Number of protein chains: 2
Amino acid sequence: MNLKALFDLSYGVYVVSAFDSANARHTGCIANSVMQITSQPASIAVSINHDNHTNGCINTSGYFAISILPEKTVPSVIGRFGFQSGDSIAKFEGIPHSIKDGLAVLDNACGYIICKLTDKLETSTHTVFLGEVTGCDTLLSESPMTYAYYHKVIKGKSPKNAPTYIDESVPAQKVYKCSVCGYVYDGDIPFDSLPEDYKCPICGVDKSMFKAE
Amino acid sequence: MNLKALFDLSYGVYVVSAFDSANARHTGCIANSVMQITSQPASIAVSINHDNHTNGCINTSGYFAISILPEKTVPSVIGRFGFQSGDSIAKFEGIPHSIKDGLAVLDNACGYIICKLTDKLETSTHTVFLGEVTGCDTLLSESPMTYAYYHKVIKGKSPKNAPTYIDESVPAQKVYKCSVCGYVYDGDIPFDSLPEDYKCPICGVDKSMFKAE
């Protein structure tokens, strides 16, 4: 069984949000497993890990929202929603957002979808939530980010001008990779010369969390 | 509610197949709603319309396979699997395929995934099938087709050299569109001059099914 076959499934990149009544604030997380199931009425399925704080908030509140991220999403948004816990930080603080039908959605999104929870399917690690679409609209006229784009252009080194990761015709140089989110440092300043308060642009951890490879 | 927001969800394009015991042959259909749910053990969710012949075959056989279509998939494969019924035609006849763990998968695929049905979620029009991955492998080293690519490049007029659908600086010309699958004729020969046995390259219907717009 070659599980690399699963890497060729195509996804988008989304912020799935819900109201967190225990902390009296909106919360959310990054998800790629979102798909439309029915058209009349429109319904959406989204898969969220049990360990994710947003999972319990969807269960408790009975509603969730999806913000469709564009390619030009700033990495810090993915770092905030994808690599930090909504139980300990206010996910939407400082992030441009609006409240639609009582749920927080990102302003810098291709569009948003508000869903009322109607059913769910439990698996060993994830819940597949099914929701009826109760509201939705388009926002920015931008290309939606695909998960493949995120992996190639944002998380890893951009392949646009560098089809091979390390040019083997030149002496190998150390590659610094974030041990939390996998981001590979790609700046012009040598990594060792970066200021000590440098933080990972994706997940926000300290410079010390980068490992040379 | 502006349902155009749903158009920005990202998907791939797949052939989902199952054994059809009533007709003693393999069958399958096109699906875009496929996503990985868990990683250990790996599981996959796929959404299939109740009216689709493959839906009943998955229910009866308890197994399904996913062939991940590459961008270079020939349109006739999408026409065969996406616009004709497996109850009346042998879907895999003449299409290069292999049998993996008792299920038919396309040879011209980025990879395949074999799943054992473990659970399902019923909606008004579709079944969301959940399957544990029992086998999978990569095949062609090609870019997987996204649903956006299918819509822009295959189903509609290719936008590669024609960012606007009709150049308004030249006199408008008739556009011929397949009334079954939406394919827009884009050949060099004027549509009216095509032979009478011309068939839609996507869904295979006769020339008479094209309407001028």
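A few comments on the model shown:
- Cα gyration tensor category, rounded, prolate or oblate, for the range B:1-121 with a/c compared to 1.5: rounded
- Mean partner shielding of peptide A:41-49, defined as the number of other chain Cβ atoms within 10 Å of each residue Cβ, is 4.
- The range A:119-151 and the range B:81-132 have their alpha-carbon centroids 24 Å apart.
- Highest to lowest packing among B:59-66, B:140-147, scored as the average C-beta count within 10 Å: B:59-66, B:140-147
- Solution diffusion estimate, µm²/s, Stokes-Einstein, the protein assembly as shown, Kirkwood Rh from C-alpha pairs, 37 °C, viscosity 0.692 mPa s: 141
- Once C-alpha pairs closer than 8 Å and six or more residues apart are averaged by separation and normalised to the residue number of the range B:12-147, the relative contact order reads 31 percent.
- Projected label points at residue A:74 and residue B:152, each 7 Å from Cα along the beta carbon direction, are separated by 2.6 nanometres.
- As a rough footprinting exposure proxy, the listed residues B:126, B:50 were ranked by other beta carbons within 10 Å of their own, and the order from fewest upward is B:50, B:126.
- Prolate/oblate/rounded label for chain B (Cα gyration tensor, a/c 1.5): prolate
- GluC sites (Glu not before Pro) within the range A:36-137: DSSP coil, no more than 13 neighbouring Cβ in 10 Å: A:93
- Loop-located trypsin sites (Lys or Arg not before Pro) in the range A:91-161, at most 10 other Cβ atoms within 10 Å (DSSP): A:160
- Dividing the summed -39500 (n - 2.57) terms of all DSSP H runs of n ≥ 4 by the residue count of the protein assembly as shown sets its mean residue ellipticity at 222 nm at -2500 deg cm²/dmol.
Read-outs: derived from the displayed coordinates by stated rules, not from any lab. Quick caveat: nothing in here was measured; it's all calculated off a predicted structure. In this analysis, Cβ positions are derived from the backbone assuming ideal geometry, glycine residues included, and neighbour counts consider all displayed protein chains.
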